[in-house]
Amino acid sequence: MFDNICKFLAENFSEDLASWLLGFPIQLTQLSPTELSLEPIRADSLILLQSDQLVLHTEFQTQPDAMMPFRMLDYRVRVYRRFPQKSMRQVVIYLQPTKSPLVQQNTFRLEKTSHEFEVIRLWEQPTEEFLRIPGLLPFAVLSQTNNPAQVLTQISQITEQIADRRVKSNLMAASAILAGLVLESEVIQRIIRSDIMQESTMYQEILRQGKEQGRAEGRAQGLTEGRADALKQVAILLLKMGMSLEQIAETTQLTVAQIQELQQIQEQENQNN
């Protein structure tokens, strides 16, 4: 889920992403992994953007991945095969604090083969850097701060000033979901306006996927069981967006008690992580 939010931001605010990672707001278009001849090793966190002279390869990660150095080498070779004249920037962006040494790795080595890439650990980045650029606002709550609730309040205040309501709602929703990595849903709910989030593309996509999953699982397992499982997944996503229990119950038709049980499970999983 968090990977998909980051992909949405990268694809819809590519100039803002370029301003951060490249230092200038270059126009970038999406590059499909299928254009690189081979199937991707893993596509859920892969983002490929390109200009005439450059390919920007970013991967957003919530958890460390031992295969990441090899993946970066693999895609560098694939891009070179397809676009030998283009330069390439590769950046792995870790979202969640961890003591794992894997998030320090920026090199792949195999005998005489060596490949380097960039690594950004969001929790080490200055908050101000993300508050200056609209498309980066949702990342600010994961930056170097001792008070993520205060940062989320700043994000909300800045986002409220955006005139384009669609952009505003999408940034609000993305901010709320990513804030779920560091804040409890009750805190997010107090700060972020749920009515604005419900207008967002992401919110509508969450509901659409939930309904489709319910129909698919319903055909395979029986309608009642499949629909219930899908609605629980939707409820978890909406909890991370900071929606109230009553609003989630109205949207999913689950009871408040069922949603509270899901909330407790999520909190226990977060503590274990």
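The values are calculated or read from the model by the stated rules, or taken from the named source; none is laboratory data. This structure is a prediction, so every number in the text was calculated from the model and none was measured. Reconstructed Cβ throughout: ideal geometry from the backbone, glycine too, with neighbour counts over all protein chains shown. Side chains included, ligands, DNA and RNA excluded: accessible areas come from the protein's heavy atoms. Shrake-Rupley method; radii C 1.70, N 1.55, O 1.52, S 1.80 Å.
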task = For the stretch 129-143, just list the computed ³J(HN,Hα) in residue order, Karplus coefficients 6.51, -1.76 and 1.60, θ = phi - 60°, integers in Hz, with x standing in for Gly and Pro.
result = 4, 8, 7, 7, 10, x, x, 9, 3, x, 7, 4, 5, 9, 7
remark   = Karplus-derived 3J(HN,Hα) from phi for the stretch 26-32 (6.51 cos²θ - 1.76 cosθ + 1.60, θ = phi - 60°), whole Hz, x at Gly and Pro, runs 7, 6, 10, 10, 6, 10, 7
request  = Order these peptides, 137-146, 98-107, by their mean beta-carbon neighbour count within 10 angstrom, highest first.
outcome  = 137-146, 98-107
query = Leaving out same-chain residues fewer than 8 places away, which lysines sit with a Cα under 20 Å from that of K168?
reply = K7, K240
ask   = Between R109 and R132, what length in nm is gained on full extension when 0.36 nm per residue of separation is reduced by their alpha carbon distance?
value = 4.6 nm
The stretch 156-180 and the stretch 51-84: distance between their alpha carbon centers, rounded to Å = 29 Å
Efficiency of FRET between E261 and E186 - r from beta-carbon atoms, R0 22 angstrom, step 0.05 = 0.90
message = Under the rule a/c < 1.5 gives rounded, and otherwise a/b versus b/c splits prolate from oblate, where does the stretch 19-147 land using the Cα gyration tensor?
response = oblate
ask   = Within the stretch 81-172, what percent of beta bridges assigned by DSSP are antiparallel, to the nearest 5?
value = 45 percent
inquiry  = Give me, ordered by chain and number, the residues 5 or more places off Q90 or on other chains with an amide H under 5 Å from its own placed amide H.
reply    = H57, E118
query = Roughly how many Å² is the accessible area per residue of the stretch 125-189, as a whole number, for a 1.4 Å probe?
reply = 40 Å²
Whole-percent carbon and sulfur share, accessible surface of the stretch 129-203, 1.4 Å = 44 percent
